[in-house]
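Peer 1: Dumping the structure here so I can ask a few things about it.
The values are calculated or read from the model by the stated rules, or taken from the named source; none is laboratory data. Note that this is a predicted model, so its numbers are computed, not measured. Every residue, glycine as well, gets a Cβ built from its backbone with ideal geometry; the counts of neighbours run over all protein chains shown.
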């Protein structure tokens with residue numbers, strides 16, 4: 001039984017998550033494979049990213065490259081076997097915080113999928129540019145597809161979807177690898193369980209934070225169950241005596257009811273700007289990682305996946321507590337702040353209990369973009385704050401390619417246990433196999449800082465206007481740690497001919513201001529990144545939004561009548577709704593009719609309107625002329641004139657109403 005019901009957020013939250021953005025830079029670009037499977041992890045001084053089928057090492061402080069990108073296959077030169085000679089896919093990188101080591105794993109297979117293995121490299125130091133201990137876990141003729149790994153005190157744990165040679169899915173595998181042996185470079189063994197076809201893709205729990213699980217704690221494997229449940233397995237391994245190794249469960253965890261993305265299929269339905277090509281949600285499985293944290297007074301797991309939300313796709317997330325006892329949902333939510341689709345999520349927690357949730361976002365008017373949102377302990381359970389855009393996409397994926405991402409990653413910096421790093425893909429231009437990845441770091445002020453400060457946020461994250469028109473953004477300042485000061489606003493990045501003004505121009509402590517951006521008729525079309533800044537003394541914080549300027553078009557309107565035929569009797573009334581269809585036109589339309597039969601009058605309510613309809617009422621006296629007449633309704637506005645017709649029939653009948 002869950003502690004609190006799920007919260008559905010069908011409208012944009014008024015406050016943006018109070019985070020401090022740090023680095024944001026491009027990671028590995030297209031390697032000729034798709035989807036890219038982007039994921040990254042953070043170490044003491046480095047960030048390592050893996051994609052299909054390359055890796056790159058970055059300086060954590062500057063984002064500068066220290067190695068690569070190079071093929072992950074380089075790690076296996078001289079090793080022999082399928083890890084050296086085979087095709088590679090589904091990479092995962094993790095930082096073993098307790099040991100200060102890197103773990104890079106990838107699936108290897110031959111061209112017939114008759115020889116398959118998981119190839120695991122464990123660094124010999126905290127430097128990912130150095131040497132690695134190398135291991136191969138053979139799956140023989142069974143393909144170990146979509147493998148995911150995790151770090152736990154007693155083992156490295158692995159999940160995989162198993163497909164026999166030439167056959168269909170037979171179930172997920174759960175494996176434990178001898179971490180102690182792999183760290184020392186000794187011969188290592190693995191112990192695996194194969195579940196059945198009634199089970200879904202599994203995720204093993206990955207340890208975050210400096211506090212280990214309780215002594216002897218099993219690793220937790222989680223999967224989607226029914227539309228109202230999750231399934232939790234507990235994996236206890238004994239490498240000295242395999243007869244003591246157990247996989248118990250599943251424990252059924254009740255969750256708020258949901259429908260799989262894409263109308264229940266969990267498949268392909270994500271719209272993109274400028275193309276009919278839709279993207280795959282992989283909504284039938286939990287998304288990497290299953291992040292575990294021990295707070296001392298409670299243990300938490302956070303998990304996420306994609307679900308249907310009306311005609312769009314949304315991100316569902318959970319915090320599960322007491323996994324070692326009776327696991328239950330402490331809080332859950334569905335993040336769907338607008339009509340755009342959100343999918344490919346990844347989630348993690350920091351040491352203060354702040355939750356960060358990253359994902360892709362796209363719509364028929366938005367290229368696939370990268371964003372995140374967050375929840376802090378003071379927020380209402382199950383809610384996320386307004387989203388922050390990491391990068392607005394620059395193109396759509398075309399060419400018949402529907403797979404997107406396959407997974408992304410939200411990692412936590414072990415140095416401060418506060419800084420999140422998110423890794424995802426985007427398109428730098430329309431096309432296929434031309435993806436690029438983006439890494440971004442950010443933190444919550446509530447984690448590790450007590451100095452007075454403030455945050456600046458803006459909604460919405462993007463607006464569209466035509467040349468010569470204006471639009472607005474709501475800018476919000478939130479005080480942190482008793483900040484007391486005046487924050488002055490500024491906007492930069494405006495296109496030539498455009499101006500920006502704030503009302504008010506400053507706020508004290510916390511508050512909001514409306515930014516109005518007015519474009520000129522000569523402003524060039526295109527999408528422009530804008531930076532909205534707030535400054536108090538020597539402190540400046542900013543947030544990014546985008547402005548899309550479209551070509552100005554001549555406004556116009558048209559008229560239609562519903563119904564288009566009205567029959568009344570002498571002494572009665574009848575109505576028809578005159579509908580206005582507007583195209584870039586907001587002017588007031590005035591109405592009149594052509595000559596009416598004797599004894600019949602017509603009135604409009606209202607007689608002129610800036611809305612989209614008016615009610616036309618015909619009134620016939622008891623002596624009105626009977627018969628059928630075509631009545632022309634004329635609408636005029638600013639020199640524009642359009643008409644529609646109503647067929648009016650007056651029959652012999654009773655007296656006045």
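Peer 1: Going through segment 122-155 one residue at a time, which ones are more than 18 Å from residue 50 (Cα to Cα), within 32 Å of the chain's Cα centre (by Cα) and in contact (Cβ under 8 Å) with a residue 60 or more places away in the chain?
Peer 2: 152, 153, 155
A quick yes/no check of all residues on (1) in a strand (DSSP E or B); (2) surrounded by fewer than 15 Cβ atoms within 10 Å (Cβ to Cβ); (3) touching a residue at least 60 places away in the same chain (Cβ under 8 Å):
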{"position": "578", "(1), (2), (3)": "yes, no, yes"}
{"position": "611", "(1), (2), (3)": "no, yes, no"}
{"position": "618", "(1), (2), (3)": "yes, no, no"}
{"position": "624", "(1), (2), (3)": "no, no, no"}
{"position": "628", "(1), (2), (3)": "yes, yes, no"}
{"position": "632", "(1), (2), (3)": "yes, yes, no"}
{"position": "635", "(1), (2), (3)": "yes, no, yes"}
{"position": "653", "(1), (2), (3)": "no, yes, yes"}
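Peer 1: Could we say that residue 583 is closer than 30 Å to residue 467 by Cβ and not assigned by TED's automatic domain parsing to the domain that holds residue 470 here? Full working, then the answer.
Peer 2: Details: closer than 30 Å to residue 467 by Cβ: yes; not assigned by TED's automatic domain parsing to the domain that holds residue 470: yes.
Taking the combined requirement at face value, the residue satisfies it.
Peer 1: Would you call residue 174 in the same structural domain as residue 352 (by TED's automatic domain parsing) and part of a strand (DSSP E or B)?
Peer 2: Yes; evaluated as a whole, the condition is true for this residue.
Peer 1: Now for a different question. Given the options 615, 647, name the one that is under 13 Å from residue 567 (Cα atoms) and at pLDDT 95 or above.
Peer 2: Criteria check complete, one pass: 647.
Peer 1: For residue 545, all conditions in the list (1) at pLDDT below 95; (2) within 30 Å of residue 23 (Cα to Cα); (3) surrounded by fewer than 18 Cβ atoms within 10 Å (Cβ to Cβ) hold save one; what is the number of the exception?
Peer 2: Of (1) at pLDDT below 95; (2) within 30 Å of residue 23 (Cα to Cα); (3) surrounded by fewer than 18 Cβ atoms within 10 Å (Cβ to Cβ), only one is false for residue 545: (3).
Peer 1: Do we find a residue being touching a strand residue (DSSP E or B) at 6+ places or on another chain (Cβ under 6 Å), part of a loop (DSSP other than H, G, I, E, B) and in contact (Cβ under 8 Å) with a residue 60 or more places away in the chain anywhere in segment 305-321?
Peer 2: Among the residues of segment 305-321, not one is touching a strand residue (DSSP E or B) at 6+ places or on another chain (Cβ under 6 Å), part of a loop (DSSP other than H, G, I, E, B) and in contact (Cβ under 8 Å) with a residue 60 or more places away in the chain, which makes the answer no.
The rows are residues; the columns are (1) under 26 Å from the mean Cα position of the chain (by Cα); (2) without any contact (Cβ under 8 Å) to a residue 40 or more places away in the chain.
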site	(1), (2)
479	no, yes
487	no, no
496	no, yes
502	no, yes
507	no, yes
535	no, no
543	yes, no
546	yes, no
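Peer 1: Another question about this same structure. More than 30 Å from residue 102 (Cβ to Cβ), in the same structural domain as residue 545 (by TED's automatic domain parsing) and surrounded by fewer than 21 Cβ atoms within 10 Å (Cβ to Cβ), is that true of residue 472?
Peer 2: Yes, satisfied.
Peer 1: Hey, among 348, 325, which residue is in the same structural domain as residue 428 (by TED's automatic domain parsing) and without any contact (Cβ under 8 Å) to a residue 12 or more places away in the chain?
Peer 2: After ruling out the rest, the residue left standing is 325.
Peer 1: Do you know which residues across segment 181-197 are loosely packed, with under 14 Cβ neighbours inside 10 Å and over 23 Å from residue 143 (Cα atoms)?
Peer 2: 184, 186, 187
Peer 1: Return the residues of segment 452-465 that are assigned to a loop (DSSP other than H, G, I, E, B) and either at pLDDT 95 or above or under 23 Å from residue 343 (Cβ atoms) (or both); say none if nothing qualifies.
Peer 2: Within segment 452-465, 460, 461 qualify.
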